[in-house]
Amino acid sequence: MPTLTIQIPDNLHSELMDAVEQRDIPLQEFLTIAITEEIDREKNRQEVERRYEEYLRTGIAYTLDEVEEHMEKYVAERSEQSKKTQAG
């Protein structure tokens, strides 16, 4: 596993150590969780940006009601297909 050394301001180090103590987990685990969450947020931000650019390009957008209706139909169709497969 690679090793990473970082320099952080004293006040941030103090807050970090307090948070680790409150969670009662090892520093490495705390930092791994924090880094993973930040990477996930960045991926989500990029996906939102991609979808917004797609919307700007196409002008196509769906309401929540439209999406829910589509998903209900999709699930019903898949359920029906599954029943036919099992019966066949």
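Observations on the structure shown:
- Modelled label reach - Leu56, point 7 Å along Cα→Cβ, region 3-45 residues with backbone N closer than 20 Å: 42-45
- Cα→Cβ-extended label distance, 7 Å offset, between Glu37 and Ala19, nm: 0.6 nm
- Options Ala34, Tyr74, Gln46, ranked by Cα towards positive dipole end of region 22-85, top entry (Cβ charges): Tyr74
- Inter-label distance, nm, simple model (7 Å from Cα along the C-beta direction), Gln7/Asn44: 3.3 nm
- Per-q log10 I(q)/I(0), region 10-87, q = 0.27, 0.28 Å⁻¹ (Debye; single scatterer per alpha-carbon; no solvent): -1.16, -1.17
- Leading residue at positive end of dipole, the chain (Cβ point charges), from Leu56, Ala87, Thr5: Ala87
- Count Lys and Arg as plus one, Asp and Glu as minus one, and take only other residues whose Cβ is under 11 Å from that of Asn44; the net charge is then -1.
Rule-based calculations on the coordinates, nothing more; no lab input. What you see is a predicted model; the values in this text were computed from it and never measured. Don't worry about glycine lacking a Cβ; one is built from the backbone with ideal geometry, like all the others, and counts go over all protein chains shown.
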